[in-house]
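The structure appears below as structure tokens.
The values are calculated or read from the model by the stated rules, or taken from the named source; none is laboratory data. Keep in mind that what you see is a predicted model, and the values were worked out from it rather than measured. All Cβ positions, glycine included, derive from the backbone under ideal geometry; neighbour counts span all protein chains shown. In case anyone asks, the SASA skips ligands and DNA or RNA and just uses the protein heavy atoms, side chains included. Shrake-Rupley method; radii C 1.70, N 1.55, O 1.52, S 1.80 Å.
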Amino acid sequence: MKIKLLCVLLLAALVYSCDDSTVGIGDGIMPGGDRIPANTDSYEFTTRSLLADSVYARTSTAYLGRYTDEQYGGFSADFMAQFTCPDDFEMSEDITSVKSVKLYLFYDSYFGDSLNAMRLQVDTLDKIIPEKDLSVSYTSINPKDYYNENAKPLAVKAYSALGPSVDSVYTSGLVLQSIKLPNQLGEHLLNKYRENKLYFKDAEAFTRNVLKGIYVRCTHGDGTILYINDIRLALEYNALTESSSGQKDSIVTISGYFAATKEVIQANHFENSDRLKELAEESEHTYLKTPAGIFTEATFPIADIYNEHKKDTLNGVSVTFTRYNDKSNTKYKMDVPQNLLMVRKKDMYSFFEENKIADSKTSFTCSYGSNNSYTFSNIAPLITYCIEERKNGIIAAGGNPDNESDAQRWEAQNPDWNKVVIIPVDLDIVNSSSSSNSYTIAGISNSLNMSSAKLKGGTDKLKMQIFYTTF
């Protein structure tokens, strides 16, 4: 019995990481009379494109611009931002005048044409973005609910990603776009400070009493999306200071900065053209498109696996999604999504809202492989989890999991129980040790950069490979 137990443990460990070439691993090392059948089986599963008109996007990166792709159609990005200030912020008591007010946009990456002519507009918000409302963190947020589109804008500026409009390009590659705002905004800030210094005590007080935020959008041009990773409101004012005579008779220029950070709301708003709806309806394949575009949904034959292997031990399940090569002639091709999340369809929103990490039970990640595909090497825990959920649900409803009508009744009431969604994501990687290649995933978020992939699937069913042992 000890020999048999040892063989079982070795078999389970080997099969867990096996691939298509390891069919029947373990047979050759079993002593006579103690053979444990190790087998593989395959099942077809279906996929379809799932239109994702909005995604959870609580991020410190702001997106700005327009881009029309020959395959995926038009896309536009704009954003709203609130500002914070250092705790117990102070200004000089001897201010004489406002020198300038500017909005600084810093970025080190963009998509599209670096010299394409664009135009942006800056407006002030007249309504506070509610902090506790989850909907404001979705890219479907409507800026018209928070600003007066008929009011005079704060500023308008012609720009390009790397053209003459750029104020600075730092050695780090960071680019600065500076937008001049009216001095009346600076006067407003100073008057609020004189009215009550507590308005500048912290971010909440500043947003509630001084400046509710700004809305920045692209009004003209097509061909460039900026990925803005730092936003600052810069106030320069003149103030009296003591000279060598001991009298306050000299003028000095002082700068104060208010930043858009994760402590306050920064809301991205994305829109795609109807072209995405047409692509999502194509049945011969599926798509992945970011940001907030198309996901791929898969329906797994979990009931079939249960019915045919209910007495077996499921050791491994592998699924692969193969990407078609991009044969379009567009000048600026979108990146290939580098990391994917597989998550149950019922959890596709709460996963991001609750800042979850893939648990290798109901959610998994994988990276783009050198063979032009994405492979989730072992999702057996997910299959087992869904089987148990189904069994327990049928029993709780007074049915029998092995009774077809009871099972069908429960499945009709839980239509997404065997469905997962494949979502392009960004991974926050933390190295576990400076001297090793090991790492830990500290965070997972929806990918918001321009990327796309066309995948095999749809009417062309895919296969999952399962590995099991029979006792």
Estimated [θ] at 222 nm from DSSP helical runs (n ≥ 4, -39500 (n - 2.57)) normalised by residues in the chain, nearest 500: -5000 deg cm²/dmol
Simple Cβ-charge dipole of the range 288-417, Lys/Arg +1 and Asp/Glu -1, about Cα centre, in debye nearest 20: 560 debye
For peptides 256-266, 191-201, sequence by mean Cβ density within 10 Å, most packed first: 256-266, 191-201
Per residue accessible area in Å² of the range 194-343, where ligands, DNA and RNA are left out and the probe is 1.4 Å: 45 Å²
Cross-link pairs LYS144/LYS327; LYS127/LYS157; LYS99/LYS132; LYS99/LYS197 - those with Cα-Cα distance over 29 Å: LYS144/LYS327; LYS99/LYS132
Label assignment, percent of Cα pairs over 28 Å apart derived from the structure, set [x] 62; [y] 56; [z] 66: [x]
Per residue, in Å², the accessible surface of the range 363-409 once ligands and nucleic acids are set aside, probe 1.4 Å: 48 Å²
Dipole of the chain [Lys/Arg +1, Asp/Glu -1 at C-beta], most positive-end residue of TYR257, SER54, ASN339: ASN339
Whole-percent carbon and sulfur share, accessible surface of the chain, 1.4 Å: 46 percent
Total formal charge among the other residues, if their Cβ is under 14 angstrom from that of ASN355, Lys/Arg +1 and Asp/Glu -1: -3
C-alpha long axis of helix 2-16 to longest principal axis of the chain, angle in °: 50 degrees
Relative contact order %, the range 160-295, counting alpha carbon pairs below 8 Å whose residues are six or more apart: 12 percent
Dipole axis of the chain (+1 Lys, Arg; -1 Asp, Glu on Cβ), positive-most option in LEU427, MET348, ASN148: LEU427
Residue among LEU190, LEU115, ILE466 farthest towards the positive dipole end of the chain, charges placed on Cβ: LEU115
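Counting pairs of alpha carbon atoms under 8 Å apart in space and at least six apart in sequence, what relative contact order in percent does the range 62-217 give?
40 percent
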